[in-house]
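S.K.: Sharing a structure below in structure tokens format, with a few things to ask.
The values are calculated or read from the model by the stated rules, or taken from the named source; none is laboratory data. This structure is a prediction, so every number in the text was calculated from the model and none was measured. Neighbour counts run over all protein chains shown; Cβ positions are idealised from the backbone, glycine included.
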Amino acid sequence: MTITPDTIAQALQDTPGWALVALTAPVERLREDGRREVANHVYSALYQPLRTDRDQLRLPL
């Protein structure tokens with residue numbers, strides 16, 4: 001997978017809403033929780049292998 005600004009934008013769009021709201025919270029602890037969640041979500045979207053169904057038959061290419 002090629003990492004482009006569009007893939008990053010999509011990962012940010014799919015981030016849980018509470019984490020995005022927490023980035024603007026007046027309490028530092030909540031902002032830190034939000035930053036960690038956003039970072040974990042984007043990292044997972046970009047670098048974790050895609051989940052595949054092991055029962056799916058592979059087609060020869």
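S.K.: Please enumerate the residues belonging to region 1-44 that are touching a Pro at 6+ places or on another chain (Cβ under 9 Å) and either loosely packed, with under 11 Cβ neighbours inside 10 Å or not hydrophobic (A, V, I, L, M, F, W, C) (or both). Reasoning before the result, please.
M.R.: Initially, region 1-44 is screened for residues touching a Pro at 6+ places or on another chain (Cβ under 9 Å), giving 37-38, 41.
Passing the criteria: E37, H41.
S.K.: Go through region 5-26 and report how many residues are assigned to a helix (DSSP H, G or I) and polar (S, T, N, Q). Can you show your working first?
M.R.: Residues of region 5-26 assigned to a helix (DSSP H, G or I): 5-13, 17-22.
Then keep just the ones that are polar (S, T, N, Q); that gives 7, 10, 13.
Within region 5-26, residues that are assigned to a helix (DSSP H, G or I) and polar (S, T, N, Q) number 3.
S.K.: Something else: Pick from region 1-56 the residues that are among the hydroxyl-bearing types (S, T, Y) and at pLDDT below 90: which of them is nearest to the chain's Cα centre (by Cα)?
M.R.: Y47
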